[in-house]
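What follows is calculated from the coordinates using simple rules that are stated; it is not laboratory data. Quick caveat, the model's predicted, so the values are computed rather than measured. Here Cβ is always computed from backbone atoms with ideal geometry, including for glycine, and neighbour counts include all displayed protein chains.
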Amino acid sequence: MSALTPYIQSPITLNQPSSEDLLAQTHNDAVIPDLPSGDLWVFGYGSLMWRPGFAYLESAQGRVFGYHRSLCVASWVHRGTPENPGLVLGLDKGGSCTGMVFKVATQNKAKVAAYLYQRELPTLVYQARYVNVYTPDGRCVNALSFVVDNTHEQYIKNKSLEELAVIVNSTCGINGKSSDYLLSTVEHLRESNIHDKHLESLANKVIS
């Protein structure tokens with residue numbers, strides 16, 4: 001754990017849209033939970049871990065129980081197309097997940113939350129939820145995260161490792177290939193000393 005790891009430079013500046021403007025870009029039907037009193041904690045399990053995009057006071061590795069990291073969301077734009085959807089990560093029910101938790105200062109929490117909603121909720125495949133995150137030093141913090149809605153049409157289920165590999169190997173969107181997304185994710189997780197056996201097994205099939 002990094003006791004106090006500040007993130008100094010933030011892309012959220014005074015020249016960027018206000019919280020209200022950012023919220024206007026969020027899906028109209030998205031359920032937005034109330035912000036807590038005091039500081040806001042945010043839990044990341046994918047790209048948010050290494051590319052949070054906001055200033056924070058503290059970061060630490062943390063583990064969530066009852067959810068696991070999964071390549072279970074069909075990507076119609078960023079890593080695929082509506083005709084040939086790619087795959088991106090979701091926080092799915094069951095098991096546990098090790099990721100990163102970030103502490104956001106009280107005075108910044110509204111703008112950071114609005115930024116996260118705009119980033120994560122353009123469709124309703126993700127739902128904003130508070131989850132309990134356990135850190136190596138024994139703390140339990142209640143953090144904002146984004147879990148997959150397993151009733152949404154973008155939710156992918158009951159696919160074998162081989163079937164997932166075929167999808168990952170054959171899809172590409174405006175942000176690049178699904179295979180690049182997967183391999184980059186596995187690499188970043190390893191750099192954080194996090195070994196996701198399922199994703200690593202899938203990455204081995206993609207490499208081969």
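At a Förster distance of 30 Å, what's the computed FRET efficiency of L124 paired with L161, Cβ-Cβ distance as r, to 0.05?
Efficiency computed from Cβ-Cβ geometry: 0.60.
Choose one answer from G46, G86, G95: the residue with the largest mean-square fluctuation in a GNM of the chain with alpha-carbon springs under 10 Å.
Of G46, G86, G95, the Gaussian network model singles out G95 as fluctuating most.
How would you classify region 154-198 from its alpha-carbon gyration tensor, with a ≥ b ≥ c the square roots of the eigenvalues: rounded for a/c under 1.5, else prolate if a/b is greater than b/c, otherwise oblate? Provide the component values of the computation, followed by the final result.
Numbers: a/c = 2.23, a/b = 1.29, b/c = 1.73.
Cα axes put region 154-198 in the oblate bin.
Measuring from a point 7 Å past the Cα of E200 along Cα-to-C-beta, which residues in region 128-165 have an amide N at less than 18 Å?
Answer for region 128-165: 161.
Would you please give the residues with an amide H less than 5 Å from that of L57, counting only those at least 5 places away or on a separate chain, with H modeled from the backbone geometry?
When sequence neighbours closer than 5 places are left aside, the close amide H contacts are K103, V104, A105.
Find how much the distance from T151 to L57 grows on full extension, using 0.36 nm per residue of separation minus their present alpha carbon separation; answer in nm with one decimal.
Residue separation times 0.36 nm, minus the Cα-Cα distance, leaves 30.3 nm.
Under a plain spin-label model, where a point goes 7 Å from the Cα along Cα-to-Cβ, how far apart in nm are R139 and E83?
5.0 nm
Name the lysines eligible as straight-distance cross-link partners of K177: C-alpha to C-alpha under 20 Å, and not fewer than 8 places from it in the same chain.
Once the sequence-local lysines are set aside, what remains near K177 is K159, K205.
Per DSSP H run of at least 4 residues, take -39500 (n - 2.57); add these up for the chain, divide by its residues and hand me the 222 nm value, nearest 500 deg cm²/dmol.
Values: 5 runs with 52 residues, N = 208.
The helix-only estimate for the chain comes to -7500 deg cm²/dmol at 222 nm.
Give the calculated FRET efficiency between Q107 and N132 to the nearest 0.05, with a Förster radius of 35 Å applied to their Cβ-Cβ distance.
It comes to 0.90.
When we measure straight from the Cα of K111, which lysines land under 17 angstrom away, once same-chain ones fewer than 8 places off are left out?
Reachable lysines: K103.
If you place +1 on the Cβ of every Lys and Arg, -1 on the Cβ of every Asp and Glu, and leave all else neutral, what size is the dipole of the chain about its Cα centre, to the nearest 20 Debye?
320 debye
Can you give the extra length, in nm with one decimal, that the chain gains between N193 and V31 once fully stretched, where that is 0.36 nm per residue apart less the Cα-Cα distance?
On the way: separation 162, 0.36 × 162 = 58.32 nm, distance 3.36 nm.
My answer for the length gained is 55.0 nm.
Could the peptides 162-170, 112-120 be put in order, highest first, of the mean number of other beta-carbon atoms found within 10 Å of their residues?
Working: 162-170: 16.4, 112-120: 21.4.
Taking the mean over residues of other Cβ atoms within 10 Å, the ranking is 112-120, 162-170.
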